[in-house]
């Protein structure tokens with residue numbers, strides 16, 4: 001009887017260490033720093049078309065320290081199950097100029113980014129679907145800021 | 001959100017599973033991050049999902065003029081129960097689904113309202 005009790009106690013102790021570790025891992029991954037695999041041609045030449053593993057920090061957007069020029073991971077407003085990686089071009093209150101017809105150099109439209117929204121664009125303007133197509137992005141859809149690339153190893157380093 | 005919720009404040013139980021699995025239905029009370037003030041959490045009723053055709057009264061205080069729109073892909077339409085004094089999709093447009101945080105299903109406080117949330121009063 002005493003043998004089973006001590007075995008059970010040891011099993012619970014070991015299981016609780018694993019549970020604590022998984023909890024810490026989840027909290028870090030969701031609220032501090034996480035690694036994401038991003039792929040697609042819309043951010044060439046900054047990110048590769050075949051896919052990169054980047055580190056994303058989830059602190060800046062909560063304290064409001066995002067600005068134009070930051071690479072961000074956002075939830076797509078057209079498909080809530082997809083996340084996009086784009087660059088913030090303008091914050092709320094800034095003016096954005098869009099070119100309506102690339103063949104005529106003088107046709108352009110300008111608008112002010114509304115309150116609580118940001119304007120995002122991919123670095124590769126020709127193949128990127130971004131705020132030029134779906135409009136300003138609500139700030140609440142931003143999930144984190146990309147700050148470092150860890151794979152492939154030959155382009156390891158800080159981004160942005 | 002009168003008369004469903006109290007004007008001095010209600011405590012609600014909110015579950016976050018329905019928004020992740022996509023099992024929301026029109027008539028659910030949902031909480032979401034405001035598209036105009038990203039630090040604010042707002043509570044409204046879900047009226048339409050993507051693809052639904054919504055007919056709404058544009059400004060109830062100045063007549064009965066109605067408008068009909070189709071909810072775009074990846075968005076939902078939310079409205080407050082008290083249409084005369086509410087900022088909802090009539091003001092800020094269709095809400096991107098990614099801003100939804102959870103579904104409220106039970107009222108805890110005040111004590112007289114304890115119980116499941118009622119469907120939209122007609």
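The set of residues in region B:47-88 that are part of a strand (DSSP E or B) and within 14 Å of chain A (Cβ to nearest Cβ) comprises B:75, B:76, B:78. Within this structure, residue B:112 fails the test of being under 24 Å from residue A:133 (Cβ atoms) and out of contact with any strand residue (DSSP E or B) (no Cβ under 9 Å at 6 or more places or on another chain).
Here is the figure for region B:94-109: residues that are part of a strand (DSSP E or B) and under 15 Å from residue A:135 (Cβ atoms) total 2.
Quick grid of which residues meet (1) over 22 Å from residue B:97 (Cβ atoms); (2) within 13 Å of chain B (Cβ to nearest Cβ):
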position	(1), (2)
A:119	no, no
A:126	yes, no
A:143	no, yes
A:146	yes, no
A:150	yes, no
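Evaluation of residue A:24 against the conditions (1) part of a strand (DSSP E or B); (2) not assigned by TED's automatic domain parsing to the domain that holds residue A:123 shows that the sole unmet condition is (1).
The condition of being farther than 18 Å from residue A:31 by Cα, at pLDDT below 90 and touching a helix residue (DSSP H, G or I) at 6+ places or on another chain (Cβ under 8 Å) holds for only one of A:52, A:70, that being A:52.
Scanning region B:10-46 for residues that are away from chain A (no Cβ under 13 Å) and without any contact (Cβ under 8 Å) to a residue 60 or more places away in the chain yields B:17, B:23, B:25, B:26, B:44, B:46.
Residue count for region A:128-141 under the criterion of being within 13 Å of chain B (Cβ to nearest Cβ) and surrounded by fewer than 18 Cβ atoms within 10 Å (Cβ to Cβ): the result is 4.
If you go through region B:44-63 and pick out every residue that is more than 15 Å from residue B:26 (Cα to Cα) and either modelled with pLDDT of 85 or more or touching a strand residue (DSSP E or B) at 6+ places or on another chain (Cβ under 6 Å) (or both), you end up with 2. Does residue B:91 satisfy the condition of being modelled with pLDDT under 85 and either within 28 Å of residue A:61 (Cβ to Cβ) or assigned to a loop (DSSP other than H, G, I, E, B) (or both)? Here the answer is no, as residue B:91 does not meet what is asked. Under the condition of being under 15 Å from the mean Cα position of the chain (by Cα) and not in a loop (DSSP other than H, G, I, E, B), the residues counted in region B:16-41 number 8. Please specify each residue of region A:121-142 satisfying the condition of being assigned to a loop (DSSP other than H, G, I, E, B) and touching a strand residue (DSSP E or B) at 6+ places or on another chain (Cβ under 9 Å). A:122, A:123, A:128, A:129, A:130, A:135, A:136, listed by residue number. Among the conditions (1) in contact with a helix residue (DSSP H, G or I) (Cβ under 8 Å, 6 or more places away or on another chain); (2) in a strand (DSSP E or B), the only one that residue B:13 does not satisfy is (1).
The values are calculated or read from the model by the stated rules, or taken from the named source; none is laboratory data. Since this is a predicted model, take the numbers as computed values, not measurements. We place every Cβ from the backbone using ideal geometry, glycine too, and count neighbours over all the protein chains shown.
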